[in-house]
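Structure first, then comments.
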Amino acid sequence: MKFEERNIDFENSIGPWLGKTVKVVDYYLQESLKGKNLDLTKEQMIVLKRLHDKNGQSQNELAFITLRNKSSLTRLLSNMEKKHYIIRKKSKNDKRINHVHLTDFGIETFKRVKPILKNMISTMEQNISASEKEQIISILKKIQYNFDSKFESI
């Protein structure tokens, strides 16, 4: 059997550009947080943002919206508790469920993060028109859908 060798034009595919962009944005965020003396990871910041938007979410809800498995999220929340950003409270109705709440320190920390996020978004979207932004978001959604549909068939 003879195999046809195909060249893959990896450098001109979407993958490496997505990956590099994510790394650049992550690095910018981490350096910005460090520059403001915030002992916070990107993942912890995402949880703070989610709880700021809707405080008291269950761990299951947070796992789903942060795309983390339960054990990974438990480790993340334990570290956040040690840093006094959050507290976990047992549900009154179901003792198996923990609800996660921001502490006063967590709220204050998120207030310090907001200008960093605004600056990051402003930097990211600089020189990008509203229609280009809309197109980028549409394309990224298509890519996510392409992979979601693959996972459904597994």
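After finding the eigenvalues of the alpha carbon gyration tensor for the range 94-154, what semi-axes result from the square roots of 5 times each, listed largest first in whole Å? Don't skip to the answer; put the middle values down first.
Numbers: eigenvalues 193, 145, 9 Å².
Sorted largest first and rounded, they come to 31, 27, 7 Å.
Note the angle between two axes, namely the Cα long axis of helix 42-53 and the longest principal axis of the Cα atoms of the chain, as a number of degrees from 0 to 90, rounded to the nearest 10. The angle comes out at about 60 degrees.
Straight Cα distances below 19 angstrom link residue 95 to the lysines 70, with same-chain residues fewer than 8 positions distant left out.
State which entries of 23/54; 89/114; 20/133 exceed 23 angstrom in Cα-Cα distance in the structure shown.
Details: 23/54 28 Å; 89/114 26 Å; 20/133 18 Å.
Listed pairs above 23 Å: 23/54; 89/114.
Note on the chain: GNM, Cα springs under 10 Å; of 82, 111, 142, the largest mean-square fluctuation is that of 142.
Can you give the FRET efficiency to the nearest 0.05 for residue 30 and residue 6, using r as the Cβ-Cβ distance and R₀ = 35 Å? Spell out each step's value before the answer.
On the way: r = 38 Å, r/R0 = 1.08.
Computed FRET efficiency for residue 30 and residue 6 comes out at 0.40.
If R0 is 30 Å, what FRET efficiency do you get for residue 125 and residue 61 from their C-beta distance, rounded to 0.05?
Values: r = 29 Å, r/R0 = 0.96.
Efficiency computed from Cβ-Cβ geometry: 0.55.
Considering only 14, 65, 97, the Gaussian network model of the chain with Cα springs below 10 Å gives its largest mean-square fluctuation to 14.
State to the nearest 20 debye the size of the charge dipole of the chain about its Cα centre, where the only charges are +1 on K and R beta carbons and -1 on D and E beta carbons.
Numbers: 29 positive and 19 negative charges, 189 e Å.
With Lys and Arg at +1 and Asp and Glu at -1, about 900 debye.
Largest GNM mean-square fluctuation among 55, 93, 127, using the chain with Cα springs under 10 Å: 93. As a rough footprinting exposure proxy, the listed residues 24, 113, 47 were ranked by other beta carbons within 10 Å of their own, and the order from fewest upward is 24, 113, 47.
Please compute the contact order of the range 20-118 in relative form: average sequence separation of alpha-carbon pairs under 8 Å and at least six residues apart, divided by the residue count, as a percent. Don't skip to the answer; put the middle values down first.
Working: 97 pairs, mean separation 29.5, N = 99.
Answer for the range 20-118 is 30 percent.
Each other residue within a Cβ distance under 15 Å of residue 19 adds +1 if Lys or Arg and -1 if Asp or Glu, for a net charge of 0.
Over all distinct Cα pairs, what is the inverse of the mean 1/r for the chain, reported as the Kirkwood hydrodynamic radius in Å? If you can, show how the numbers build up before the last one.
Numbers: mean 1/r = 0.0544 Å⁻¹.
18.4 Å is the Kirkwood radius here.
For the range 7-75, the relative contact order comes to 16 percent (Cα pairs under 8 Å, sequence separation of at least 6).
Stretch residue 18-residue 139 to full length: gain in nm at 0.36 nm per residue minus the Cα-Cα span? Mind dumping the intermediate values first?
Numbers: separation 121, 0.36 × 121 = 43.56 nm, distance 1.15 nm.
This chain segment gains 42.4 nm when fully extended.
How much net charge surrounds residue 125 when only other residues with a Cβ under 12 Å from its Cβ are counted (Lys, Arg +1; Asp, Glu -1)? All intermediate terms of the calculation are to be shown ahead of the outcome.
On the way: positive: 118, 133; negative: 132, 134.
Combined, the nearby Lys, Arg, Asp and Glu give 0.
No lab work stands behind these numbers, since they all come straight from the coordinates. Please read these numbers as outputs of a predicted model, since none were measured by experiment. Here the Cβ is made from the backbone with ideal geometry for all residues, glycine too, and neighbour counts use every protein chain on show.
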